[in-house]
1. Among the residues of the range 182-193, are any surrounded by fewer than 20 Cβ atoms within 10 Å (Cβ to Cβ) and either at negative phi or modelled with pLDDT of 95 or more (or both)?
2. When only residues in the range 346-372 that are hydrophobic (A, V, I, L, M, F, W, C) and more than 15 Å from the chain's Cα centre (by Cα) count, which is surrounded by the fewest Cβ atoms within 10 Å (Cβ to Cβ)?
3. Could you please give the count of residues in the range 175-228 that are within 18 Å of the chain's Cα centre (by Cα), within 20 Å of SER343 (Cβ to Cβ) and among the aromatic types (Phe, Trp, Tyr)?
4. Looking at ILE149 and the list (1) free of Cβ contacts under 8 Å to residues at least 60 places away in the same chain; (2) more than 19 Å from the chain's Cα centre (by Cα); (3) closer than 24 Å to PHE386 by Cα, which single condition is not satisfied?
5. Just checking: which of the helices (runs of 4 or more DSSP H) contained wholly in the range 286-345 hold 2 or more residues that are of a type in the set (A, V, I, L, M) and either crowded, with 19+ Cβ neighbours inside 10 Å or modelled with pLDDT under 90 (or both)?
6. Is one or more of the residues making up the range 149-163 hydroxyl-bearing (Ser, Thr, Tyr) and surrounded by 21 or more Cβ atoms within 10 Å (Cβ to Cβ)?
7. If a residue has to be exposed (fewer than 15 other Cβ atoms within 10 Å of the Cβ) and either modelled with pLDDT of 85 or more or under 16 Å from TYR56 (Cα atoms) (or both) to count, how many in the range 408-431 make the cut?
8. Scanning the range 209-238 for residues that are of a type in the set (S, T, N, Q) and part of a helix (DSSP H, G or I), which turns out farthest from HIS323 (Cα to Cα)?
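The values are calculated or read from the model by the stated rules, or taken from the named source; none is laboratory data. Keep in mind it's a predicted model, so treat the numbers as computed, not measured. Here the Cβ is made from the backbone with ideal geometry for all residues, glycine too, and neighbour counts use every protein chain on show.
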Amino acid sequence: MNKNRQKVLEHTKTKYMVFFKYLVFSFLWPFGGLWYALGHVKNKYSKHLFWFFCIYFGFVFIIPKVTANSADSSRIAAAFVELHKQPVSWHSLLEAFYNPAIMLTDIYQTLVSWIVSLFTGNPNILYAVFAAVFGFFYAHNLWIVLDRIKLRHNLIVIVFFTVFAFINPIWNINGVRMWTAGQIFIYGILLIFIEKKKKGLIWILITPLVHFSFLFGFLIVLIYKLVPSKIMLRATTLLFILYLIATFYSQISLLQVRNYLSFLPQVFLTKVNYYTNLYYAADINATVYHWQIIVAKYIIRYVTLLWVIILFLKRKKWMKNDHILNGLFNFGLFFGVFAQIVSNIPSGGRFLSFSNIIFYVIFILFLAKKNYGLKIKIAASLSIPFLLFYLIIVFRQGADFFGFFTLFGNPILALVIKNQLSLAHVVKAIF
């Protein structure tokens, strides 16, 4: 008995020593820890190393200066610094939540900013905390999929998985509320449909506290779950038709949307009126995008549509033997109808990103089976160049928020040397 106990203690000690070595290496070179994690995804510590890099990314996150059309992080950081200089009492903070006059409907960002401001006025500390929360769910989402596939020697799956990872990457902490809520939402969906855990619904219920619009996401999931599963599993064709109709339904009246949502409480209705305001819509439409960003947007939209059609046409071959994919595919269509409709509302297009994430999980799990035939392989091979272009554009957008220290630095250097140039700025300077 003593020998067995000693073996257990030695095994536990060895396990913690190994993890400590990985952690020290990752602390000295966080990007190196990320590189190791991605190269050894089956290592049980890889997910933790990936999460640590996310936290470090937030710590060295480049916050642009405040300008007329500055990034969300600029305004959040400026408000945080002001909050540290002029503290707000806990009582005043509570009174502001869900007050129609203030329109403070997203508790998470405000509450975290308030707590962190009690200790520091450094925005990078704040963004390290934001990245820790975002990265926790991000890492879990990636590894829920990674634990079910083999990436090595499978270029098609690698590319599709990278797209899945880059639809909502770590630099989206720039717009912390919506994109963090999205990671939590996807985590809940994967728990429900892949891991068959009911607690996923609890995580989805939390998302409106991060961004109020996920109240609708929660309602969509709730409606889907309230319908008997036997009915939903047999409704694939109907859901597919509705998804196609919603995809090509290009016009929707913002005033009509206001009327549909008039049942909401005043605090949420005030926010809805803001997002469906015709002047707000004009401002969004007037935003100038480079042609590459516009092309990338259409690529992800129509490559996703192509693969939804392919999986629907091939459903008889894989649905019978895979209840997980079957359930997730039907929910993806159901949620996709909602996402396509609201994508016509200013800022509503972000829900398309979460719809696409769900679909790319399905595509990855389907393609990882390797029993899909020559036609599917040809379609996948033809999709790769377009998806690679999409990945390049997304990476370029993210390059405004990270630089030299992200790739080669560590927390100690970041504390000593404050100012850094973004990767995009350096490349522009060189070329």
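1. No; the residues of the range 182-193 include none that is surrounded by fewer than 20 Cβ atoms within 10 Å (Cβ to Cβ) and either at negative phi or modelled with pLDDT of 95 or more (or both).
2. ALA368
3. 6
4. Of the numbered conditions (1) free of Cβ contacts under 8 Å to residues at least 60 places away in the same chain; (2) more than 19 Å from the chain's Cα centre (by Cα); (3) closer than 24 Å to PHE386 by Cα, the odd one out for ILE149 is (1).
5. It comes to 291-313, 323-342.
6. no
7. Let us first name the residues in the range 408-431 that are exposed (fewer than 15 other Cβ atoms within 10 Å of the Cβ), namely 408, 412-413, 415-419, 421, 425-431.
Filter once more, keeping what is either modelled with pLDDT of 85 or more or under 16 Å from TYR56 (Cα atoms) (or both): 408, 412-413, 415-419.
Adding up the residues that qualify gives 8.
8. It comes out as THR237.
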